Amino acid sequence: MSKDFKKGAETAAPVFSFSFPLGTEYVDLPSQGKFYPEEHPLFGVEQVEIKYMCGKDEEILTNKSYIKNGLVVDKLLANLIVDKHIVNALDEMLSADKAALFIAARITGISSEYDTEITCPQCGVRQTYSFDLEKRTLYHGLEEDVENVKRIENNVFRVTLPVSKVEVDVRLTISKDSNKMLKLVHSNKEIVNNDIFGDSVISITIPDGTRFTDNKSKLIFFENVPAKELLFLKRKIKEINPDFSLEQEFSCTKCPYTGMLEPPFTANFIYPK
C-alpha cells in the first residue's frame, strides 16, 4: 500500500460513458403531408425521422402518470422525433400520421411481431394470433372531390347529406381529438356521437343558408339527424381521413374460417409478455 494513501480517503467510482450506436428510421406518413396548412412543419412532408427506442424511452411506457392521463404516445414520440419543430406541433398532427409513427416506434423498439388474442368471427373461439406490423397498408385520404364531398381547405371537407341537403364542414381528425376521446373512454362516461365527431365538425349549414358553429347546435344535429344520413356522414368522414390498415389474413385453428381481420389493440401491444 502506498505511503501516500490516507485512511478513509475515497476514490470516485468510474462513470459509465459508453454510447450505444442507436439508429434512426424514416417513417412514411399516410397523409404524405398533403392536408396540413402551410405554417405546419409537416406541410408537404412525406416522411418523418425517428430515433430507435432506448432504455429511457421504455420507462415512458410504464410511467403510471402518463398512462393515467393518456400521454404515453405523445411523450414517447416527443422523445423519438428528430425534428423538434414537429414535436412542438404534435397536438395538430393528423391522428393517422401519429399512429403510423407510434407503430414504427413499436417495431424498432420492441418487435414487428404482435401476438394477441383473436376471437374467430365464425365459431367464437379465442386463440392467439401473431400479426406482422411490417405488413401495413397506407391510405392517403381523399385527394379529389367526389359526389357529395368537396375539399374547401387543406384539411377541411364539405359533406352534403344526400336527402336533407344539409352541408357539414368537417376537419380531419388530429392528435388532440384522439387524446380527448381516449380520456373519455378511460372516464367510463357514456360516449355519444357528438363526443366522437363534435370537434371535427366545424359548421352545419341548412338548405336556407343558415350556418351553425356552436356546440349546442352540433349536439342537436347529432341527436336529430336521420340514422341513414348519419351513417352516410360517418362513412364520408372515414373516407376523407388518411389512415393505415394492419388487416391480415386470419385462419381459425378450430373451424374452416379464413378471412381478413384487423388486430385488436390491447395492453399487450405496448407491453408484450
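Readers should treat all values here as calculations from the given coordinates under stated rules, not as data from a laboratory. Keep in mind the model is a prediction, meaning the values are calculated, not measured. Neighbour counts are summed over all protein chains in view; Cβ atoms, including those assigned to glycine, are modelled from backbone coordinates with ideal geometry.
Taking the longest Cα principal axis of the chain as reference, the axis of helix 175-187 is set at about 90 degrees. Total lysine pairs in region 17-110 at Cα distances under 21 Å, for residues eight or more apart or on different chains: 15. The structure shown yields percent of Cα pairs over 24 Å apart, and of the options (i) 46; (ii) 55; (iii) 61 that calculated value carries the label (iii).
For Met53, Met93, the sequence from fewest to most other C-beta atoms within 10 Å is Met53, Met93. Only one residue of Tyr114, Phe43, Tyr257 has its Cα farthest out toward the positive end of the dipole of the chain, where Lys and Arg carry +1 and Asp and Glu -1 on Cβ, and that residue is Tyr114. For Met53, the amide hydrogen comes within under 5 Å of the amide hydrogens of Gly109, counting only partners 5 or more places away or on other chains and with H modelled in the peptide plane. Charge tally for Ala99 (other residues, Cβ to Cβ under 13 Å; Lys, Arg +1; Asp, Glu -1): -3.
With neighbours defined as other Cβ atoms within 10 Å of a residue's Cβ, the residues Phe221, Phe269, Phe43 order from fewest to most as Phe43, Phe269, Phe221. Region 142-171 and region 46-113 have Cα centres lying 32 Å from one another. What is the local net charge at Val192, summed over the other residues whose Cβ is closer than 12 Å to its Cβ (Lys, Arg +1; Asp, Glu -1)? So the environment of Val192 carries a net charge of -1.
Amide H to amide H, with H built 1.01 Å from N, Phe244 comes under 5 Å of Tyr139, counting only residues 5 or more places away or on other chains.
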